[in-house]
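The values are calculated or read from the model by the stated rules, or taken from the named source; none is laboratory data. Just so it is clear, the structure is predicted and the values come from calculations on it, not from any experiment. For neighbour counting, all protein chains shown are included, and Cβ atoms are generated from backbone atoms with ideal geometry for every residue, glycine included. Side chains are part of the model used for accessible areas, which takes the heavy atoms of the whole protein and leaves out ligands, DNA and RNA. Shrake-Rupley method; radii C 1.70, N 1.55, O 1.52, S 1.80 Å.
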Amino acid sequence: MNLFTRAKKVIPGGVNSPVRAFGSVNMDPIFIKKAKGPFLYDVNSNKYIDYINSWGPVILGHGKKDLIEKAKKYLEDGITFGLATEEEVKLAQLITNATNTDMIRFVNSGTEATMSAIRLARGFTKRNKILKFEGCYHGHSDSLLVKSGSGALTFNSPTSEGVSRETIMHTIVARYNDINDVKEKIEEYKNDIACVIIEPVAANMGVVVPDESFIKDLRKITEENKILLIFDEVITGFRIRFGSVDKLFNVKADLYCFGKIIGGGLPVGAFAGRREIMQKLTPLGGVYQAGTLSGNPLAMKMGYDVLTYLKDHQEIYDKLDKNAEKLALGFEKNIKELGINAKVSKFHSILSLFFGIDSEIKSYDDVKNADNNMFEKYFKSMLKSGFMFAPSQYEAIFLSDAIDDSIIEETIRKNREALKSIN
Ligand SMILES: *Cc1c(COP(=O)(O)O)cnc(C)c1O
């Protein structure tokens, strides 16, 4: 029986995360068998250049030899104990030293990181409400699954069935990059807002870059109102640079969420911040948070190895930046010469290619009407040429250190052919 048919019988939609279903490009999922360096191989032995890179974690390319050799040895010492280990301490030291944080707690996913950070913010401030931005994704915990930014708070509706109105009653949604909208909402609810959570560089509505003044003003206004500022850096942390992107904006958040990269490909998330706030967590304080597999030694060791490698080879970030710049310029040249209505949106090494957008890209409103038919044709053409991009234009393109100059050039050539095929 066909693998997808088998999968659908036992897994809803045949996948364990909806984006893998390829629904937005009207295809069946592609089942991957293995990966090496910049390449993915599917179960039918097709080979692809990987621009998904597991949605961010795979920054060094797949299966880096010396790291894999080390990881094999780790298995022999035990995979999980459910008890404290030195490896947790080492990774905690590495991450807190590289960021504006004193303490960190490890969890198993980005979803857990943001969910726990919000509970902590509420516990610390003794306030109820949270403010998030339209188009920012913070995982799938109930109170963050809110879509509509328009209308009054009471008119917010959850993005998902199964989320009660009571749960999202305390979630306020504002427009990304629009400080006046934030000000109005804070003015209305300020004494009951525990935190503002934001992707400092949005990457889950495609890449949408913040104005520096927006981030700075957001810091100022939250501080003035004693609202905690949470940077959800599950994508950007340790991918854009070694540490947090806060340095690039010259601001400091109160709490930071990490994930994706920091586990070296294993399921790890974390939230971190000032000692005064983090000490409110159990067992020191009254904000409960726990996890059977949290900080498990295998994930901690692999995370530590990857982050240490990055720390010692920070030129990798320059290479990723340079290659992303090259891709963007190549795409833009093709777009212009072929007269296609498409736009590149980019921040350092993450970028997106949007189709059918005329406005400047500043918020979810600007990208939500992107042309899906054009994207579908483009995506399928690139896939046929052996390039695996995210099957949605609302996801970032991720590079890895394994993607070299010649691959970049080939990508730009095939991008031109694919763009031609749209017309
Ligand atoms: C991926 C992501 C999450 C959720 O992480 P999971 O590990 O998928 O639960 C949260 N926030 C941001 C910004 C993300 O990109």
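Consider Leu255 carefully, then state whether it is open to solvent by less than 20 Å² (accessible area, probe 1.4 Å), in contact (Cβ under 8 Å) with a residue 12 or more places away in the chain, over 30 Å from Asp401 (Cβ atoms) and of a type in the set (A, V, I, L, M). When the stated conditions are applied, Leu255 does not pass them. Note on the range 72-106: residues that are assigned to a helix (DSSP H, G or I) and either among the aromatic types (Phe, Trp, Tyr) or in contact (Cβ under 8 Å) with a residue 40 or more places away in the chain (or both) total 10. So if I check each of Ile403, Ile316, Ile350, Ile397, which one is closer than 22 Å to Gly23 by Cα, at pLDDT 95 or above and β-branched (Val, Ile, Thr)? It is Ile397. Of everything listed in (1) out of contact with any helix residue (DSSP H, G or I) (no Cβ under 9 Å at 6 or more places or on another chain); (2) free of Cβ contacts under 8 Å to residues at least 12 places away in the same chain; (3) open to solvent by less than 50 Å² (accessible area, probe 1.4 Å), the single unmet condition for Gly13 is (1). Of all residues in the range 42-63 being assigned to a strand (DSSP E or B) and open to solvent by less than 60 Å² (accessible area, probe 1.4 Å), which is farthest from Phe238 (Cα to Cα)? Checking each candidate, the answer is Asp42. Any idea which residue in the range 88-113 is nearest to His140 (Cα to Cα), counting only those that are surrounded by fewer than 20 Cβ atoms within 10 Å (Cβ to Cβ) and within 16 Å of the ligand (Cβ to nearest atom)? Filtering first and then ranking leaves Thr111. On the basis of being under 30 Å from Leu67 (Cβ atoms), part of a loop (DSSP other than H, G, I, E, B), within 13 Å of the chain's Cα centre (by Cα) and within 13 Å of the ligand (Cβ to nearest atom), does Pro267 make the cut? In short, no. Checked against (1) open to solvent by 10 Å² or more (accessible area, probe 1.4 Å); (2) assigned to a helix (DSSP H, G or I); (3) more than 16 Å from the ligand (Cβ to nearest atom), Leu307 passes all but condition (1).
Contact map, the range 282-297: residues that are over 15 Å from Ile262 (Cβ atoms) and among the acidic types (Asp, Glu) paired with residues that are open to solvent by 90 Å² or more (accessible area, probe 1.4 Å) and part of a loop (DSSP other than H, G, I, E, B), Cβ distance under 9 Å, separation 6+ or inter-chain. No pairs are found. Looking at the range 112-225, the helices (runs of 4 or more DSSP H) lying wholly inside it that each contain 3 or more residues that are within 16 Å of Ala253 (Cα to Cα) sit at 212-224.
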